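Asker: Handing you this structure, nothing more for now.
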Amino acid sequence: MIPTISDVSTVEEWRVVAQDIVQRDASNVNWKATIVDWPGMGYSDRPKIDYNADVMENFLVQFMNSPDSPLQHSDDELVIFGGGHAATLALRAVKKGLVKTSAIAAVAPTWAGPLPIVFGRDSNMESRYGMLRGTLRAPAVGWMMYNMLVSNEKSIQSQYKSHVYANAENVTPEIIESRYALTKRKGARYAPAAFLTGLLDPVKSRKEFLELFTGLEGKTPVLVISTSGSPKRSKAEMDALRGAKGVSKFLELPGALLPQEEYPAVVAEELYAFLQDHFEPNRSKKKRSF
């Protein structure tokens with residue numbers, strides 16, 4: 001399980017879903033869940049490096065293929081659950097043949113960062129994104145701008161109520177406080193600076209986005225979960241996957257950009273059903289991993 005990439009990305013978004021699935025059907029199946037933070041985000045270290053989509057993809061590949069990876073004993077029954085950009089990065093790595101998986105569930109998948117999805121990617125805007133990114137990474141003034149744009153509770157609350165969650169009443173003070181704490185970790189602004197300005201975008205167009213799924217047609221089962229309350233532009237990209245080649249199953253559930261955290265029971269139910277459908281021919285085996 002890999003968390004949605006954002007300026008407050010965290011493994012916490014998957015914990016309730018993981019617990020729900022792992023505790024099911026305990027008498028017949030031993031499910032195992034591994035949740036990992038992206039470098040520069042969540043509870044990971046946050047070195048001052050040049051974060052981009054290739055860096056994130058390389059991390060995922062190394063994490064999954066390392067000899068001491070917790071995923072090495074999956075018996076070819078590994079399933080990837082990813083939210084937002086994480087799902088698209090995983091699809092990209094699988095299509096390239098860099099990682100092996102039995103199936104993928106893309107939950108509210110996205111491919112464009114906050115600024116590019118609103119303002120586009122022409123050369124003029126790319127230049128502005130570069131200037132903003134440089135400012136955010138700079139000493140002193142970078143922290144000032146980061147505190148103004150990201151690292152304050154009012155800004156985080158506004159984001160969660162406007163487009164991260166579908167129901168503003170689900171945005172609790174505890175959630176905002178926990179996300180705010182993440183923004184105060186050493187080096188917290190470097191990876192978000194790349195995300196906000198599009199450097200972590202796995203692809204550059206809807207055409208490339210759809211091609212990732214098409215490339216897995218007949219090879220890897222892919223579940224896509226869209227959400228009814230996603231922002232207009234993000235939802236348009238999700239809905240483009242309805243009936244698309246390479247998409248084995250398409251669902252629309254309640255929520256916005258973080259349904260696995262806002263509606264964990266609903267998401268867990270559908271993910272569990274996907275696992276059951278995928279592994280049904282092998283139900284006699286005693287161990288299942290995802």
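The values are calculated or read from the model by the stated rules, or taken from the named source; none is laboratory data. Here the structure is a predicted model, which means the values were calculated and not measured. As a convention, Cβ positions derive from the backbone with ideal geometry for all residues, glycine included, and neighbour counts pool all protein chains shown. Areas reflect the complete protein model, heavy atoms only, side chains present, ligands, DNA and RNA absent. Shrake-Rupley method; radii C 1.70, N 1.55, O 1.52, S 1.80 Å.
Asker: Might you check whether a residue that is open to solvent by 10 Å² or more (accessible area, probe 1.4 Å), aliphatic (A, V, I, L, M) and modelled with pLDDT of 95 or more occurs anywhere in the range 56-63? It would help to see each step written out before you state the result.
Answerer: Keep residues of the range 56-63 that are open to solvent by 10 Å² or more (accessible area, probe 1.4 Å), which gives 57-59, 61-63.
When the remaining residues are screened for being aliphatic (A, V, I, L, M), the result is 61.
The next check asks that each one be modelled with pLDDT of 95 or more; those that pass are 61.
Yes - at least one qualifying residue is present in the range 56-63.
Asker: If only one of Leu115, Leu98 is part of a loop (DSSP other than H, G, I, E, B) and either aliphatic (A, V, I, L, M) or touching a Cys at 6+ places or on another chain (Cβ under 7 Å) (or both), which one is it?
Answerer: Result of the check over Leu115, Leu98: Leu98.
Asker: Still on this structure, please answer the following. Of the conditions (1) closer than 23 Å to Ala106 by Cα; (2) open to solvent by less than 60 Å² (accessible area, probe 1.4 Å); (3) out of contact with any Ser or Thr (no Cβ under 9 Å at 6 or more places or on another chain); (4) touching a residue at least 24 places away in the same chain (Cβ under 8 Å), Gly187 clears all except one; give me its number.
Answerer: Here Gly187 meets the rest and fails (1).
Asker: Which residue pairs have Cβ atoms under 7 Å apart, sit 6 or more places apart or on different chains, and have a first residue in the range 75-93 that is without any contact (Cβ under 8 Å) to a residue 60 or more places away in the chain and a second that is open to solvent by 10 Å² or more (accessible area, probe 1.4 Å)?
Answerer: Pairs found: Asp76/Ser102; Ala93/Glu57; Ala93/Val61.
Asker: Shifting gears a bit: For Ile5, all conditions in the list (1) among the aliphatic types (A, V, I, L, M); (2) in contact (Cβ under 8 Å) with a residue 40 or more places away in the chain; (3) more than 28 Å from Lys219 (Cα to Cα) hold save one; what is the number of the exception?
Answerer: Unmet condition: (3).
Asker: Consider Gly82 carefully, then state whether it is of a type outside the set (Lys, Arg), open to solvent by less than 30 Å² (accessible area, probe 1.4 Å) and part of a helix (DSSP H, G or I). Reasoning before the result, please.
Answerer: Details: of a type outside the set (Lys, Arg): yes; open to solvent by less than 30 Å² (accessible area, probe 1.4 Å): yes; part of a helix (DSSP H, G or I): no.
So Gly82 does not fit the description; no.
Asker: Checking Arg121 against (1) in contact with a Phe, Trp or Tyr (Cβ under 9 Å, 6 or more places away or on another chain); (2) in a helix (DSSP H, G or I); (3) open to solvent by 30 Å² or more (accessible area, probe 1.4 Å); (4) in contact (Cβ under 8 Å) with a residue 24 or more places away in the chain: exactly one of these is not met. Which one?
Answerer: (2)
Asker: May I pose another question? Going by the structure shown, is Lys219 over 30 Å from Ile49 (Cα atoms), without any contact (Cβ under 8 Å) to a residue 24 or more places away in the chain and either surrounded by fewer than 19 Cβ atoms within 10 Å (Cβ to Cβ) or of a type in the set (D, E, K, R) (or both)?
Answerer: Yes.
Asker: Identify, please: which residue in the range 1-50 is aromatic (Phe, Trp, Tyr) and either closer than 13 Å to Ala191 by Cβ or at pLDDT 95 or above (or both) and is, among those, surrounded by the fewest Cβ atoms within 10 Å (Cβ to Cβ)?
Answerer: Initially, the range 1-50 is screened for residues aromatic (Phe, Trp, Tyr), giving 14, 31, 38, 43.
Filter again for either closer than 13 Å to Ala191 by Cβ or at pLDDT 95 or above (or both), leaving 14, 38, 43.
Working: Trp14: 26, Trp38: 27, Tyr43: 11.
Step by step, filter the range 1-50, then rank; the result is Tyr43.
Asker: Looking at the range 190-206, which of its residues are surrounded by 18 or more Cβ atoms within 10 Å (Cβ to Cβ) and in contact with an Asp or Glu (Cβ under 7 Å, 6 or more places away or on another chain)? If you could, list the steps in order and put the result at the bottom.
Answerer: Filtering the range 190-206 down to residues surrounded by 18 or more Cβ atoms within 10 Å (Cβ to Cβ) leaves 190-203.
Result: Pro192, Phe195, Leu196.
Asker: Identify the residue in the range 124-150 that is of a type in the set (Val, Ile, Thr) and in a helix (DSSP H, G or I) and, among all such residues, is farthest from Gly229 (Cα to Cα).
Answerer: Val141
Asker: Select, from Thr101, Thr110, the only residue that is open to solvent by 10 Å² or more (accessible area, probe 1.4 Å) and either farther than 27 Å from Leu196 by Cβ or free of Cβ contacts under 8 Å to residues at least 40 places away in the same chain (or both).
Answerer: Within the list Thr101, Thr110, the selection yields Thr101.
Residues are listed down the side, and each one gets a yes or a no for (1) touching a Phe, Trp or Tyr at 6+ places or on another chain (Cβ under 9 Å); (2) surrounded by fewer than 18 Cβ atoms within 10 Å (Cβ to Cβ); (3) modelled with pLDDT of 95 or more; (4) over 27 Å from Lys232 (Cβ atoms):
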| residue | (1), (2), (3), (4) |
| --- | --- |
| Ala140 | no, yes, no, yes |
| Met148 | no, yes, no, no |
| Tyr160 | no, no, yes, no |
| Tyr165 | no, no, yes, no |
| Asn170 | yes, yes, yes, no |
| Ile175 | yes, no, yes, no |
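Asker: Can Gly218 be described as more than 22 Å from Val16 (Cβ to Cβ) and in contact with an Asp or Glu (Cβ under 8 Å, 6 or more places away or on another chain)? Step through it out loud before you land on a result.
Answerer: Values: more than 22 Å from Val16 (Cβ to Cβ): yes; in contact with an Asp or Glu (Cβ under 8 Å, 6 or more places away or on another chain): no.
For Gly218, the condition - more than 22 Å from Val16 (Cβ to Cβ) and in contact with an Asp or Glu (Cβ under 8 Å, 6 or more places away or on another chain) - is not met.
Asker: Now for a different question. Output the number of the condition that Gln260 fails; it satisfies all remaining conditions of (1) crowded, with 23+ Cβ neighbours inside 10 Å; (2) at pLDDT below 95.
Answerer: Gln260 satisfies every listed condition except (2).
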